Amino acid sequence: MAHDDYSLRRLPDEARTSWFSVAVQRFGQVSAFHQFLLGATLGLGMTFWDAVLAITLGSVMLEIVTILMGVAGMRESLSTSVLARWAGFGGRGSALVGLLVTLSLAGWFGVQNDVFAHGLHALMGGPPVWVWAVVGGMAVTAVVVAGFHTMAWTAYLTVPAFLLLTGWTIVSELSRHDLAQLVGMPAPGPALSLAQGTTLVAGAFIMGAVMTPDMTRFNRRVGDVVKQTLISVTLGEYLIGLTGVLLAHAARSADVVAVIMSNSGVIGTLIMVAAIMKINDWNLYSASLGLVNTVDMLLRRQISRARATLWLGALGTGLSAWGILDHFTVFLTWIGVVTPPVAGIVIAEYFVVRTWRAQLEETRAAGKLPDDPPDWVPASLVCWVVGAAVGFLVPVGIPTINSVVAAFALYAVIGKTVGITRPLSGSGVDTHR
């Protein structure tokens, strides 16, 4: 069970770890290459100080959602999709959440692995791209099968390597330019508005915010969740994101990865390996937890997290080796549109409506789970659809945040005024207060 990382039950206290161990892994997620690309996109269309403001606004909103989701996961010692059973979605509703996480993160695992393979092939030559894809996919899958603590040791190696090697190449590139001129220059490309820039920042990490309980269930206290979030998200967004802004100003292009790689050779290869491995292991880990819960709720069968990891790792590796994942990026982007309301509903139920909080608290000390929840919670399905629609259709504000806030507000209003309605099917908890 320990090797399975307690995928369908509460994590026991003895399995928790230091906040630093979790923080390093969280920072590894936020400080990957996609953050450079985000910063470069901002830098191409914004001045440096406008980009600072966009990153600040987007980061604050992300941190609020991340901390609230993280606290819920830490208190209940449950992964995102299992927590969702008693946090607004019901049993089969949580299976939909698990399926959403699985499809999204397993898909991005494959896409990142494809980037890894093409990068290594371009830098080192040798075997064809598909061989590099198989090697990269197998390596990350092996780490994830071993579980959280092996992933932590991987982070201890890859995160410092990524920061040191990237820092060296960036300093080498920026030393050729006048830093004050880069900070004060106008945007070199088509202009981005503040709303557009903030949307990019908030939207880029919303899935990371939703799956936060997968990680924070290993924390020991609320303060640990707050510390690691503030440090990792803030440093990741500002340190890596603003560096990307400056590099885009220096190169007058958003293709800053090419700039770094062209100057770094073998070092660039090591940077790519470190960056992609550290974000891709958590893509696969959370995808496997989502799949375990989905199979348990929909098929009434229990599969081990290790087996789910092997299945998803093989699928993602195979598709990346086949070279067809480029066709899935639009699909994955659409999944990103329906993700934010999940956070709004979980936060509203857990902290405001509290339909199942008493049962969660009563069973927490014994390390058990409450009685089976209802199969479906109609209110959450309505709020999910409305939140996604608001995020997609409302032309003002920040779509990701609009979506979270709309789902949160609607669920809270329903829960506090008319109560969460009875389940559509199944036995279990009476959802009327």
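The values are calculated or read from the model by the stated rules, or taken from the named source; none is laboratory data. Just so it is clear, the structure is predicted and the values come from calculations on it, not from any experiment. Methodologically, a virtual Cβ is constructed for each residue, glycine included, from the backbone with ideal geometry; neighbour enumeration extends over all protein chains shown. When the accessible area is computed, the model is the full protein with side chains, heavy atoms only, and any ligands, DNA or RNA have been set aside. Shrake-Rupley method; radii C 1.70, N 1.55, O 1.52, S 1.80 Å.
For S7, the stated conditions hold: it is in contact with a Lys or Arg (Cβ under 9 Å, 6 or more places away or on another chain) and open to solvent by less than 10 Å² (accessible area, probe 1.4 Å). Inspection of region 140-152 identifies at least one residue that is surrounded by fewer than 20 Cβ atoms within 10 Å (Cβ to Cβ), touching a helix residue (DSSP H, G or I) at 6+ places or on another chain (Cβ under 6 Å) and among the small types (G, A, S). Cβ-Cβ distances below 9 Å connect the following pairs, each with a first residue in region 51-75 that is in contact (Cβ under 8 Å) with a residue 40 or more places away in the chain and within 17 Å of Q35 (Cβ to Cβ), a second residue that is surrounded by 24 or more Cβ atoms within 10 Å (Cβ to Cβ) and of a type in the set (D, E), and a separation of six or more residues or different chains: I55/E237; G58/E237; S59/E237; L62/E237.
Look at (1) surrounded by 12 or more Cβ atoms within 10 Å (Cβ to Cβ); (2) in contact (Cβ under 8 Å) with a residue 12 or more places away in the chain and you find that P186 fails only one, number (1).
Filter region 156-193 for residues that are more than 30 Å from V24 (Cα to Cα), outside any loop (DSSP other than H, G, I, E, B) and aliphatic (A, V, I, L, M) and give the result. Outline the logic, then answer.
In the first step, residues of region 156-193 are kept if they are more than 30 Å from V24 (Cα to Cα); the result is 176-178, 180-182, 184-193.
Checking the rest, the ones that are also outside any loop (DSSP other than H, G, I, E, B) come to 180-182, 184.
Residues satisfying the conditions are A180, L182.
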